[in-house]
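The values are calculated or read from the model by the stated rules, or taken from the named source; none is laboratory data. Worth saying up front: this structure is predicted, and the values here are computed from it rather than measured. No Cβ is skipped: glycine too gets one built from the backbone with ideal geometry, and neighbour counts run over all protein chains shown. In case anyone asks, the SASA skips ligands and DNA or RNA and just uses the protein heavy atoms, side chains included. Shrake-Rupley method; radii C 1.70, N 1.55, O 1.52, S 1.80 Å.
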Amino acid sequence: AGTRHPSAATGPAAAPFWQADRNSALVNVNGLTLPQQQIVALPFDQGQRVFVHGPAGSGKTTALQQRLVSLLAAGVPSYSLLALLPESSAALKYQETMATVGLGPYSDLHLTTLPKLARELVTLFWPLLARPAGFAAPHRPPTFLSYDLAQVQMKRVIAPLLKEGYFEGLWMRPQQILSQLLDNLNRAALNGLTLDQMEDRLVRTWSGEPDHVRYFHQAARAARCFRQSCLDANLLDLSLVIDLFQRHLLDHPLFAGYFPERYRHLLVDNLEEMPPAGLAFLRMLLPGRDSAVLAYDDGGGYKRYLAADPERAREISALCDETVAMPDSLTTSPPLEALGRLVHQRLTRRADLSSAEADMAVIHVIKPRYRREMIQETVALIAETLILGSSASQIAIITPYLDGALRYRLTQALAAAGVPYRLLQRRGSPRDEPLVRAWLTLAALAHPHWGIAPSEYDVAEGLALAVHLLDRPRAALAARLLYDPSGPGLRPIDVLREEEAARLGPGAAERIGELQNWLERWPGTEPLDRFLGYLFGDLLSSPHFQPAPDVRAAAVCDWLVKTAEQFRRAAPGMGLAEVTQQGPVFIESVREGMVTGIPLPDLVGDTGSEDGIIIATLYAYLLTGPAVEYQIWLEAGATGWWEIPRQPLSNAFVLTPRWNVERPWTEVDSFSIRNRLLARLVSGLCARCSKGVVLSSSDLDRRGERQDGPLWRALAPLLSLWKPTA
């Protein structure tokens, strides 16, 4: 930890800077700023198209929410309203706003995202699209593949290619190969590229070892094989949905007559996160609307890895009749703005700004030697003061990554200190969740004919989480005594000697015996989702297995049952018609690291409060997190803030129409884009913080290597004002 040097004092200490509300003069008695009032009061029927822009926290989303309320209050039918949002979770805030004003039912109101809208419209117009798009069975309905299911299908498609030697020599896990192949498909579709153009761009812009080009050709062939498998089986992943939407639907005469009449009023939030495919759709849709309001975050564009094109999105303003600027942030303060500018200028190598004002934004520095000490000191700071009296919900811990070890240590430390928390992650791996591993282990034991033999460690973990009487050491003992991997299965409890049963603790042997009998009696012909539902509902949630209701376990079980059911319904189209095929494939996909686009319901910590401290990865916070009073930048010395994902088979930046295909992608480009992205990310964080930032890092990372990343170096003028405490 550290304290500020006395010489760093910049003014009288009587009143902290955040006690003065510099924006109070902007707000009227109704709580809306003048630009917000202007947006709400726009005419409903004059075809006016308005482009609204400003920094994060300037009130653009609030203006759109109130605009929506005013439209409904004026009698505009919800059926004719379309609100395009950057994330599905953003719809909740709109619904909450409308629920407070008592406008009655609005079930026809369409609050959606571009991918969801495209899917709905492709479903609606499927009979018109399927045959010209080349589907083998156009008279049959399609099966939609979530990101989870697309990974399973891709794995099945490329298995023969891997046997041929594809991607040999790349130091990549199979799951990374699957993810990058799907990234290529999705980026190509969202950027309006064909698969041939995708391959051409990757090859022509490569400036590394010439031999590496063969991997791009292999990746392109894998993408074509995947696409053909979807056409053959009526499968629709995200890339094919977007491709159908922009290449076959937008120009269809029937669609041209339907859609403009269906939606007369348009609201678009976070236009800067829209990919080229969505921008092309908006260009077609804007003319002829009764009203349209488009909101643009001047510092946004965080979804570049998913083809966001903020520069091209800004050009949409030329199609609007009026531009409304909202330059004043309602969620930050001058010191935080100065901190963002300082980091931006140092990363982009412009003239350094004075840190006289920015240093007031850094209220504490934590810099011990080891990671565990960093976590301990950070949690101690929170627990002792809750940062100058703020509520827990006004604190966000932000980290560039949340690996299993960091997540475990941090959440355990917060729980031990009695500090509530909730997690924000955009994507996650189900195998990182112990309850998921435990229940899938029990599923394998209940279906020995699947041929999946869990490890003894997995069985011990499953027993510990299933039987509340077992702690980890006793569960490990039970697994060692009772697990038969040749089955695989649990031996009957009566094989234990009396002293062995006693070592498991009072009542534990009986509960294990009940679990073993239940698993043995389960009919192996039932689908996995039904097994999971009965396992938890009939057995594991009963009072003698779980005396107190476990809300979190119920939520995770519900997520797992729904995911397994979704897989079962899609499985026949993927060539997995038999139940005996589906269970093993699902379990193996999870065990191998399948990434889910629908995060597990681990949003509430063990303390059970949704009003807890936010723990978020960097991008998850910027895209879905609320503005807070205090932020803790955890692992601030790590290079993870600056790094972009290593993708030997893809490149998000050259797969955009804006990149000149004649220009090779070099290390200079990579270095430049990393600095510019980090500068934008830090500015976004500062725009969502009003009182101050805590910088928390350790000298050594988890591998024992010294941490001195670009963000830490950019903060050097401020760090020099701090000295270690005794």
Next item on the list: Would you mind classifying the stretch 294-345 by shape? Square roots of the alpha carbon gyration tensor eigenvalues, ordered a ≥ b ≥ c; an a/c under 1.5 is rounded, otherwise it is prolate if a/b is larger than b/c and oblate if not.
Entry: oblate
Checklist line | MRE, 222 nm, helices only [DSSP H, n ≥ 4, -39500 (n - 2.57), over the chain, to nearest 500] | finding: -14000 deg cm²/dmol
Item checked: Cα centroid separation, the stretch 215-276 to the stretch 419-475 (Å) -> 38 Å
Next item on the list: Only Cα pairs under 8 Å and at least 6 apart count here; give the relative contact order of the chain as a rounded whole percent.
Entry: 22 percent
Item checked: Entries of Lys60/Lys93; Lys60/Lys116; Lys163/Lys303 with Cα pairs more than 25 Å apart -> Lys163/Lys303
Checklist line | Those lysines that a straight Cα-Cα span of less than 19 Å connects to Lys367, excepting residues fewer than 8 apart in one chain | finding: Lys723
Margin query: Let me cross-check Phe144: its accessible surface, 1.4 Å probe, with only protein heavy atoms counted, in Å² to the nearest 10?
Written below: 40 Å²
Notebook entry, point to check: How much net charge surrounds Val52 when only other residues with a Cβ under 14 Å from its Cβ are counted (Lys, Arg +1; Asp, Glu -1)?
Noted result: -3
Check: Longest segment of the chain with no GluC sites (Glu not before Pro) in a DSSP loop having at most 12 other Cβ atoms within 10 Å?
Finding: 169-577
Margin query: Accessible area of the stretch 132-232 with a 1.4 Å probe: how many percent of it is carbon plus sulfur?
Written below: 53 percent
Item checked: Around Arg283: net Lys/Arg minus Asp/Glu count, Cβ-Cβ under 11 Å -> 0
Next item on the list: Starting from the Cα gyration tensor of the stretch 238-329, take the square roots of the eigenvalues, sort them a ≥ b ≥ c, and report rounded, prolate or oblate (rounded when a/c is under 1.5, otherwise prolate if a/b is larger than b/c, else oblate).
Entry: oblate
Check: Expressed in nm to one decimal, what extension gain is obtained for the pair Glu164 and Arg372 from 0.36 nm per residue of sequence separation less their Cα-Cα distance?
Finding: 70.4 nm
Notebook entry, point to check: What dipole magnitude, in Debye to the nearest 20, does the chain give about its Cα centre under +1 on Lys/Arg Cβ and -1 on Asp/Glu Cβ?
Noted result: 1160 debye
Item checked: Alpha carbon centroid spacing (whole Å) that separates the stretch 612-633 from the stretch 108-137 -> 34 Å
Notebook entry, point to check: Between rounded, prolate and oblate, where does the stretch 241-292 land on the alpha carbon gyration tensor, with a ≥ b ≥ c its root eigenvalues, rounded for a/c under 1.5, else prolate if a/b exceeds b/c?
Noted result: oblate
Notebook entry, point to check: Taking a probe of 1.4 angstrom, what is the accessible area of Arg264 in Å², to the nearest 10?
Noted result: 50 Å²
Notebook entry, point to check: If R0 is 35 Å, what FRET efficiency do you get for Arg426 and Ala137 from their C-beta distance, rounded to 0.05?
Noted result: 0.55
Notebook entry, point to check: Rounded to the nearest 5, what % of the DSSP beta bridges within the chain are antiparallel ones?
Noted result: 15 percent
Check: Taking a probe of 1.4 Å, how large is the accessible area per residue of the chain, in Å²?
Finding: 42 Å²
Next item on the list: Give, in nm to one decimal, the length gained when the segment between Asp232 and Glu384 is fully stretched (0.36 nm per residue of separation minus the Cα-Cα distance).
Entry: 48.6 nm
Check: How large, in percent, is the carbon and sulfur part of the accessible surface of the stretch 51-123 at a probe radius of 1.4 Å?
Finding: 55 percent
Margin query: Taking the alpha-carbon distance from Lys562 and a cut-off under 13 Å, which aspartates and glutamates remain once sequence neighbours fewer than 8 residues away in the same chain are dropped?
Written below: Asp148, Asp529
Checklist line | Entry for Rg/Rh (Cα atoms, Kirkwood Rh) (calculated from the structure that is shown) out of (1) 0.97; (2) 1.14; (3) 1.03 | finding: (1)
Next item on the list: Determine the share of the stretch 294-364's accessible area contributed by carbon and sulfur atoms, expressed in whole percent, with a 1.4 angstrom probe.
Entry: 48 percent
